[in-house]
Structure formats: structure tokens, C-alpha cells
1. Which order results if Glu232, Glu315 are arranged by neighbouring Cβ count within 10 Å, fewest first?
2. Using the alpha-carbon atoms, what tilt in degrees (0 to 90, nearest 10) does helix 119-142 show relative to the longest principal axis of the chain?
3. Can you sort Trp132, Trp104, Trp154 from fewest to most other Cβ atoms within 10 Å of each residue's own Cβ?
4. Output wanted: per-residue J couplings in Hz (rounded whole) for region 307-321, from phi through Karplus 6.51 cos²θ - 1.76 cosθ + 1.60, θ = phi - 60°, x for Gly and Pro.
5. Could you work out the helix-only [θ] at 222 nm for the chain, with each DSSP H run of four or more residues adding -39,500 (n - 2.57) and the total divided by the number of residues, to the nearest 500 deg cm²/dmol?
6. Hand me the chymotrypsin sites (Phe, Trp or Tyr not before Pro) from region 378-431 located in a DSSP loop with no more than 16 other Cβ atoms within 10 Å, in residue order please.
7. Run down the lysines and flag those whose C-alpha is under 29 Å from the C-alpha of Lys114, throwing out any fewer than 8 positions away in its chain.
8. Tally Lys/Arg at +1 and Asp/Glu at -1 over every other residue whose Cβ is under 13 Å from the Cβ of Lys226; what's the total?
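Just so it is clear, none of the values below were taken in a lab; they were calculated from the coordinates. Model, not experiment: these values are computed from the prediction. Note that we place each Cβ from the backbone using ideal geometry, even for glycine, and neighbour counts take in every protein chain shown.
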Amino acid sequence: MTSSPPRTAGTAGTARTQDTVELPPLTSRLRRALKHPRLMHYNRLAALVLLANLVFLWASRPLPPQTTTLGHAALANLALAVLVRQQYVINFLFQLATWAPTTWPLKVRWTLGKVYHFGGLHVGGALAGSLWFAALTLQLTAEGTDFPLTTVSWTLIALLLLIIATALPPFRSRFHDHFEKIHRFGGWTALALFWTHTILSGERAGLWVLALITFSVALPWMRLRKVDVRIERPSSHVVLARFDHGDTPFAGSSTAISRGPLREWHSFANVPAPGESGFRLTISRAGDWTGAFIDDRPSRVWVKGITTAGVANIETLFEKVVYVATGSGIGPCLPHLLAAEVPSRLVWATRSPRTTYGDALVDEILAVQPHALIWDTSLHGKPDMVRLAHAAYRDFGAEAVICISNKKLTWQVVHGLERRGIPAYGAIWDS
């Protein structure tokens, strides 16, 4: 295919589109409140888990519950927190949610599409489990339990508080690398301490639950391996990392890679090409790790775990979708555009697309999305993505919008459309 200039907002008519697009009116105040980010499904699921625990506490009267009840409740909630993060479980949840046919009412499919908010179950389980365990520790201390068990209990409380505190948004967003290490090594240590606590307490029933949790945690690491990677660098801002080590992941999944398996891991969307083995990852310069990766272009990297479904897999719930991407957000969109399982329309805003990502990638996109709007921000500035998304949604007759961008813009698009009655989806940065 010969190179052709990308479709951009270069013509006057297209440039005026974002200014002349009339957004639909806001929905009722109650519906807008339910669509507010603070009431997103992630937070609702966390609240639901906590509410279920309160109901269980009420049903366990007279209070306080027995130590056996406290221990079982703590372990059940912590098992939920761990298992819901397991890759096979995540993929199953996506398969279950997207099983619904497009003939179902849009409101039902709209809600099912929020399946990627499952992290709320993780948060609710972790908080509830820690509270149950704190109550158990206080009760054991009051009863004068033997010193080794009490010591392990209070050590676990301190460790759980550290893990929870460093997982809160202010710390996690500012010191994500530290959060990741504390979560990983602290979690492993906590699991070992739970084994010790259960054995010391003589509670045999909990051993089966701990065995399941341990297997779930270990499973991704059992698939740890170092593989070859071939890196193409169309610009100093981005590289295309190509893998072909025997696995061809499904479109819309992600792979975690690392240059040091006990240090930091980064997940990127897999881009398999239809009919070809292997896959690509689009990695853009967004920090020290990605910057060093682009500059060094390593020939081998570590991969682990099971390829995991991403947010855009909910596309099959709808008859037509609009993909909204900025910069390297095109990476998670690309496998779905190439697979063309669902009719879609692309709106992509990025700086100098051909210079940054190369002619081959832009031509590949235009081959499957000839009507895509590719907005060159170096020529035309930053567009109003909510208006562009709505214009594409309206003109294409889509049922939903999927946005892959940075946190701020994703919230602008998702919240800006949903409060106007349009199903919209985007990553929620809960890990």
C-alpha cells in the first residue's frame, strides 16, 4: 500500500466539527449522580462487599463473634481479594459478562460492560478481611493467648496496615514503583504469616483456603520465562516490541514484561495480527522504565503470567462502538480494529502520527479504518475529545464509546458522555 497522508482535522470543515457539535442534554440529576466517578461500579462493588460483611456480622449475634467465626470471615474476605486478581478468574469474568447477546436491553449491556471494575471486590475484600483479622487479634489478646500466636497476629496487623496505606491513591500515584514492591513482597510475607498463624491456632479448615490462595499467587510465576524480543523504533518516543515465542494471545489481552523479575513489571496491550503468529507491544516514553527500554532496546525480556483480558473486550456487548484514543492509547485499540469483530470507528488524537509511529503503523490503521479521524495535535492543538467522540458516536450510529487515554482525559470522556446518557468505558487505574 502506498503511503498516504493521515486523515486529520486539517480541512476547515473537519476542524470546525468539534466547535459545531451539539452535545445532547444532561440526564436527570439523579442519573447524573449515579454516573459520578465517586459512585462508579468499582466503588459500588467495594461497598457491596463491606455491606455483605455487616449483614454477616449482624447474623452472627450474640456479639462479639467467636474466634473461629472471626478467623473464617477474615480468611474468606482475603481469599476474595486475592482470587479476584487472578488472571484466569479475570478472563472468566469477562467471558461471563460478554456472553450476553446484543439483543438484550442496552441498559443491561451497559451495566455488564462495567465488568472491568472487578477491582472493587479486591478492595472490599482486603478492607473487610483486615478488619475481621484486627477483631480476631484483639480478642485473642484479651483472652491471653500464647505469646507466639499473639506476636504473629500483631505483626500481620502492622503489615496489612502498611499494604493498605501504601495502596491509597495519594501514595500509589506518586510512588507507584514503591507501591508495587510493597504490595508484592508485603503480600508474600503476609501469606507466609497467615500460614504460620493458622498452624499455631490449630485451625485446620483454613489450610485448604490458604493452599488455594498460595496456588493462585504462585501460578503466574510458574510461567516465568525470558524470551527474545525484536524492537523497532520509529521515533525516540515509541518502540514496537515484537514477540514470537510460541504464544499468540487473543486480541484485547495484555502481557506483563520486566527486565528484572523481582523489580518492576509493566503491562502492555497485545497486538496480534490476524493469521500471523506472535504479537506486538506498543511502548511509548512515559517514565524512567519505558524511557530506558526505548533507549536501550533490549534483545531479551522476562514475561510471566497469563494473558489477561482488558477493558476493550466489552466491545462484543454492542452492535457498533467508537474507539477514542490519544497517543500510545492506540495500542490497546489496534488489536480490536484489526480483528474487526465488531463494527467500529476510530478517533485518534496524537502528535505527528507518521513521524512518531511510522508510516507502516498509520497505513495499517487506515487500511482497516479508512474513515478514521486522526487528529494531529502538533498542527491543530488539543481537540475537545468529548465533542469529537460524540460526533463519531452520532454519525456512526454506535451504541458505546471506549476511551483509551491518560487518566484525566479518560475521565473527561467517560464522565462527559455517561452523564448525557451515552455508554462509555475506560481504564480506572486501580492497580
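1. On the way: Glu232 14, Glu315 25.
Result, fewest neighbours first: Glu232, Glu315.
2. 20 degrees
3. Details: Trp132 24, Trp104 11, Trp154 15.
Going from sparsest to densest Cβ surroundings: Trp104, Trp154, Trp132.
4. Result, rounded to whole Hz: 4, 10, 5, x, 4, 5, 5, 6, 4, 5, 6, 10, 6, 9, 9.
5. Details: 19 runs with 225 residues, N = 431.
It lands at -16000 deg cm²/dmol.
6. Working: sites: Tyr393, Phe396, Trp411, Tyr425, Trp429; in loops: Trp429.
Hits after loop and neighbour filter: Trp429.
7. Reachable lysines: Lys35, Lys181, Lys304, Lys320, Lys382, Lys407, Lys408.
8. Summing Lys/Arg as +1 and Asp/Glu as -1 gives +4.
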